[in-house]
Structures are given as C-alpha cells and as structure tokens.
Amino acid sequence: MLSCSSSAFQRVAFMLMAPKLKPQRLHQIAETGVEQLVKKARTMSTESSMKDAFSTYADYLNNFNEKRERVVKASRDITMNSKKVIFQVHRLSKDNKEEVLEKAGKDLEAVRDQHFAQLMRELQGTDFWKLRRAYSPGVQEYVEAATFYKFCLSGTLCTLDEINTTLVPLSDPSLEPLQINILDYILGLADLTGELMRMAIGRISDGEIEFAQRICQFVRQIHRELMLVVPKMDDSYDMKSKMEVMLQSVIKIENACFSVHVRGSEYIPLLGDDAPTSYLLGAAVVE
C-alpha cells in the first residue's frame, strides 16, 4: 500500500519538475512546420512548371528544326529545277526558238506549281522570316530563271509584281499570301546578268551581234539602277559581292561588243547575206 502511494507520488513529482514549453515556443514550432510544408510544396510546384516549360521549348525547337530541314530540301529542289530551265533557255538557236522557249515555259510552270508550292505550304502561317536563310537561295534561283526566260521571250524584264502575281494562286485563300521579298528579287536579278553575259558571248560567236549589243545595253541599265539602290541597303555582303561580279559581266560584254565593232570585218562574214542579227528580237539585218 505504501509502495503504491510512493510510486504515484514520484510520478506526480516528476511531472511537476519537468520543464514546460511556453505557449510562444509552441506557436513558433507550429509555424516553422507549416512554413516547411509550404516551401516544399512551392518547390515541387516550381520544378513541375519548369519541366513543363522546358518540355514546351524542346517541342518547339524540334518542330522548328524539322520544318527547317523540309524548307532546305524544298529550296534545293527549286534551285536544281530552276537551273534546268536556265540550261534549256541557253539551247536557243535560229532554228528552235519556239520549241525551246515553249519547253522552258512548261518547265518553269512545273517548278512553280510543284516545288515552289511545297515551299509555300511549309512557310504559310509561320514566322517565315526566321527561315529566310534556308529558302533564300532557291527563291533567288527561281527569280533568275523567270527573268531570264522572260527576257529571251520578249526582250523585257519580269518585274517583282509579275512574279508574285503568279504565286498568289498557290497560297491559302484564308491566309495572307506569301510573296517574294524585294531583297531576294534584287539578288536574283544580279545573278541574271551572268546568264545574259554567257548568252551575249554565245550570240556573238553565232553572228547575232545586234542581239549581243541589246543585251549589253540591258545589263548596263540593270547595273546602273542597282548602283543607286545598293548604297541605301543595309550592310548586305551578298549584294556587294554580286555587284562586283555584275560589273565583271558588264565589262566582258562590252569588251566582246567592242572587239566586234573594231574588228568587224572579221566577224561580219559569219552572218551571211540573209541572216538576221537577232532571231529573238527580230532586229534588222546588219549591213
């Protein structure tokens, strides 16, 4: 009996002697626990949102790179087939003008309706300016082929508006039509002078002196007009380098025409009595 009462007494004494936590301390411990739980939840939420954001960025970059590869392929197809049109036009002679130009016109339409249409489908509704470096070479080659064909057909320059008008049916009617920009047109026009230089040299060797002189005047005019535009353009390395090549083409045509003019007695017999000087433009016979 006494032992039971003493043990109970000892428990009560122990409880009374034990240190008691103040209410303020209990409140601080409770707040600390809640803050840790909130911080942990916030950390988990932040990590989840960052993973979602980076996943979205990765999907965008993957899709963008895949689109870029398709655009590059379409540009290469345009370049390759546009070169075929240029080579076809260079086959012109006195006897096959209509046949060669007809085939070149059909080939140019095929480039536009097939390969250029594929490029426009890839670029329609996207930030196409981000991919300009990927498709610009093909567009420039197409402009070169279209202007070269038009000059040999009618002796005139195919303007940017005329080229863009032919591209309107290829665009989605519900979206703004995708058009060739002025820079790609000018760069393609600069390349045209090289093809005209080759044609002029070839026509001189075939006795088409009058047509070579017309080409010389045409290339001079293009070079003169672009000389007024290039200084006002932004720092375009491509345009500056092409202007140097264009000047060389002008000089080569001028030298060839000058040689024929000075040493005409050596070249005139190539024409014959009834040979026209230009089977393309229908110029008068040189006497």
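What the table below lists for this structure:
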{"quantity": "Mean Cα-pair separation over length for segment 182-265, i.e. relative contact order, pairs under 8 Å, 6 or more apart, %", "calculated": "43 percent"}
{"quantity": "Set of segment 207-249 residues, backbone N closer than 14 Å to the point 7 Å along the Cα-Cβ line of residue 258", "calculated": "248-249"}
{"quantity": "Accessible surface of segment 182-265 [probe 1.4 Å, protein heavy atoms]: carbon and sulfur percent", "calculated": "54 percent"}
{"quantity": "Options 74, 104, 120, ranked by Cα towards positive dipole end of segment 66-180, top entry (Cβ charges)", "calculated": "74"}
{"quantity": "Residue-normalised accessible area of segment 182-265, given per residue in Å² at a 1.4 Å probe", "calculated": "53 Å²"}
{"quantity": "Heavy-atom accessible surface of segment 54-169: percent carbon and sulfur, 1.4 Å", "calculated": "53 percent"}
{"quantity": "Rounded accessible area per residue of segment 66-180, 1.4 Å, Å²", "calculated": "53 Å²"}
{"quantity": "Furthest towards positive pole of dipole, 228, 183, 218, structure part segment 182-265, Cβ charges", "calculated": "218"}
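The values are calculated or read from the model by the stated rules, or taken from the named source; none is laboratory data. What you are looking at is a predicted structure, and each value in this text was computed from that prediction instead of being measured. Glycine gets a Cβ as well: all are built from the backbone with ideal geometry, and neighbour counts include every protein chain shown. These area figures cover heavy atoms from the full protein model, side chains too; ligands, DNA and RNA do not enter into them. Shrake-Rupley method; radii C 1.70, N 1.55, O 1.52, S 1.80 Å.
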